[in-house]
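Since every read-out is calculated from the coordinates, none of them should be taken as a lab result. In this text, all values refer to a predicted model and were calculated from it rather than measured experimentally. Cβ: placed from backbone, ideal geometry, glycine included. Neighbour counts: every protein chain shown.
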Amino acid sequence: MDIIDKIGKTATNTCRITVNKTNKIAQKTKLRMHINECKSQIEEIYNAIGKKVYEKHVREENIDIKKELKKECEKIDKLSQEIENSIEHILMLKDMKKCPKCFSEIMIYYNFCPVCGKKQNDDKPRNEQIIEKLENEDISNDNQNEAEIVEEEKKNND
Ligand SMILES: [Zn+2]
């Protein structure tokens, strides 16, 4: 494990803090990439929808594209939700959250929004839900690294 070799075997605690910090940065980068991915997928769907609508116009046929459009729109809904969740997760990694009323970015431990005064306690379970959901998705790769490092630490302590 390169990181451990560089920092030195005695600095276990410092090492763990560094790793957690690195993990957070890596997670943020991954989330941002995921957001961009979702955005370009949405663009593609917009194009597909536009094409379908135009084809219908050109052919002047009596094709019913409502069902197809509904399917495409539902894909966009899903992607938009994923983007929203990723944004919230990035905020959480920065120890921040969005006020559910005015959408200001505020510190996660605030009980009241400093902008609009909305009480914040209610949405804690939702934040935890999102973390759980996201950790079960592709971001879980980062946990592997951490597990390896813990193993490494055990070996060094022996
Ligand atoms: Zn607010």
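Close amide-amide hydrogen proximity is noted between Met96 and Ile108, each under 5 Å apart and 5 or more residues distant or on a separate chain (H modeled in the peptide plane; Pro and chain starts excluded). Placing R0 at 35 angstrom, the Cβ-Cβ distance between Leu93 and Leu69 gives a FRET efficiency of 0.45 after rounding to 0.05.
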